[in-house]
Amino acid sequence: MTRFPGAPEPKGLGTPYVESLTGYLQRVANAHALPSSNMFVDELLPAFRDRDLYRGHDRDIVRHHARAMNGAGKHARAAVETLSQVTGRGDLASLSFLTVAEVGKIASTGIVARGKRWCPHCWADDGNTADRYERKLWNLSVVDACAAHRVALQERCPGCGLPQPAIASDVRVGVCSLCGRDLVITPLALRPPGPGSEAARRLWYAEQASALVHAAEAVELLGVSKESLDAARRAGLRALADHLERHGDWEGVAGQVETWSGSANRPSIEALFSILWQARWPVARLFPDAARPGRDR
Ligand SMILES: [Zn+2]
Ligand SMILES: [Zn+2]
């Protein structure tokens, strides 16, 4: 049943800056003059309950479930299905990390960041609050910088200093749900003092994460077959393992990467990125031919 007819189109589809699922829910609720927490409680929590995914003993029921719906597990699948039904849209799967986890064969545990983060420059570029949207990338646990603007993501309101809930009660995107202040400030640019510095690592992680999201989007849009994609991923991981093996100090790590090229052992996104950074091995090289974004086919 389409309870929210004429729901807005998700923003950034087909790009690394595609919208997040909770952000989309907030915009649908805004468009229907409904507090997003009401929409969440009325539409999503019953769906989690129906699928036995509801945990009523949490201190903060909404926060726990809202965070899980941005991930790559059963909550995300249930949230995509439910929101697709109530909005009548068929393009919401890429707003979660379901495709990213599937394409990268990454464990769903630990894929979502704990709190809500945002890049004020991205929001400033969007324009006024009605045009702002939350990027899915900001929810990825390994990302804490914006690769486009080279700044750290923010996680606290510059006015009241408080972190923001994933699902707010009744607020526009980019506005503090607790004190009502606009969350757009001008943060300091991350200026890496050297190629091995912490700032350089954060920017590299952010760039590679956007490449990973882009690859997943491209696979979805181009309809690359699962088999050819998996073959490409295995070949990419074996090439990385060979590279690590040739480098004397990294033999243990090479063995670890070799196990990931099998199907049973999925790395956490943290473990994967840590090794990619160590070897300065870009995500694009994990998908050698079949799945490279932007490739004509
Ligand atoms: Zn940005
Ligand atoms: Zn505030």
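Tabulated values for the structure
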{"read-out": "First in segment 155-168 and more than 8 Å from ligand 2 (Cβ to nearest atom), second anywhere and among the acidic types (Asp, Glu), Cβ under 7 Å, 6 or more apart", "value": "Pro163/Glu155"}
{"read-out": "Residue list for segment 99-135, filter: basic (Lys, Arg) and within 24 Å of Asp230 (Cα to Cα)", "value": "Lys105"}
{"read-out": "Residue match in segment 93-107 (condition: within 16 Å of ligand 1 (Cβ to nearest atom), among the hydroxyl-bearing types (Ser, Thr, Tyr) and either part of a loop (DSSP other than H, G, I, E, B) or closer than 20 Å to Ala215 by Cα (or both))", "value": "no"}
{"read-out": "From the options Leu83, Leu98, residue that is out of contact with any His (no Cβ under 6 Å at 6 or more places or on another chain) and at pLDDT below 95", "value": "Leu98"}
{"read-out": "Test set (1) crowded, with 23+ Cβ neighbours inside 10 Å; (2) among the hydrophobic types (A, V, I, L, M, F, W, C); (3) in contact with a Phe, Trp or Tyr (Cβ under 8 Å, 6 or more places away or on another chain) - Phe97 fails condition number", "value": "(3)"}
{"read-out": "Selection from segment 233-257 of residues that are without any contact (Cβ under 8 Å) to a residue 24 or more places away in the chain, in contact with a helix residue (DSSP H, G or I) (Cβ under 6 Å, 6 or more places away or on another chain) and open to solvent by less than 50 Å² (accessible area, probe 1.4 Å)", "value": "Ala241, Ala254, Val257"}
{"read-out": "Selection from segment 33-71 of residues that are open to solvent by less than 70 Å² (accessible area, probe 1.4 Å) and more than 23 Å from Val173 (Cα to Cα)", "value": "Pro46, Ala47, Phe48, Leu53, Tyr54, Gly56, Asp58"}
{"read-out": "Flag for Arg191 being farther than 30 Å from Tyr133 by Cα and either at pLDDT 85 or above or away from ligand 2 (no atom under 16 Å from the Cβ) (or both)", "value": "no"}
{"read-out": "Among (1) loosely packed, with under 15 Cβ neighbours inside 10 Å; (2) closer than 18 Å to Lys136 by Cβ; (3) of a type in the set (S, T, N, Q), the one test that Gln26 misses", "value": "(1)"}
{"read-out": "Every pair of residues 6+ apart whose Cβ atoms lie under 6 Å, when the first sits in segment 36-63 and is in contact (Cβ under 8 Å) with a residue 60 or more places away in the chain while the second is open to solvent by 60 Å² or more (accessible area, probe 1.4 Å)", "value": "Ser37/Ser169"}
{"read-out": "Any hit, segment 217-232, residues being in contact with a Pro (Cβ under 7 Å, 6 or more places away or on another chain), in contact (Cβ under 8 Å) with a residue 12 or more places away in the chain, closer than 19 Å to Asp126 by Cβ and open to solvent by less than 30 Å² (accessible area, probe 1.4 Å)", "value": "no"}
{"read-out": "Segment 119-176, residues that are open to solvent by 50 Å² or more (accessible area, probe 1.4 Å), of a type in the set (A, V, I, L, M) and either assigned to a loop (DSSP other than H, G, I, E, B) or more than 16 Å from ligand 1 (Cβ to nearest atom) (or both)", "value": "Ala130, Ala148, Leu162"}
{"read-out": "Only one of Leu153, Leu83 that is farther than 24 Å from Asn38 by Cβ and not aromatic (Phe, Trp, Tyr)", "value": "Leu153"}
{"read-out": "Hits in segment 102-118 (condition: within 19 Å of Leu53 (Cβ to Cβ), open to solvent by less than 30 Å² (accessible area, probe 1.4 Å) and free of Cβ contacts under 8 Å to residues at least 60 places away in the same chain)", "value": "Val112"}
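Here's the yes/no breakdown for (1) part of a helix (DSSP H, G or I); (2) modelled with pLDDT of 90 or more; (3) of a type in the set (Val, Ile, Thr):
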| residue | (1), (2), (3) |
| --- | --- |
| Phe4 | no, yes, no |
| Pro8 | no, yes, no |
| Gly12 | no, yes, no |
| Ala29 | yes, yes, no |
| Leu45 | yes, yes, no |
| Asp52 | no, yes, no |
| Val62 | yes, no, yes |
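The values are calculated or read from the model by the stated rules, or taken from the named source; none is laboratory data. These numbers were taken from a predicted model, which means no experiment stands behind them. Counting neighbours? That spans all protein chains shown, and the Cβs are built from the backbone with ideal geometry, glycine included. Just the protein is used for accessible areas: all its heavy atoms, side chains included, with ligands, DNA and RNA removed. Shrake-Rupley method; radii C 1.70, N 1.55, O 1.52, S 1.80 Å.
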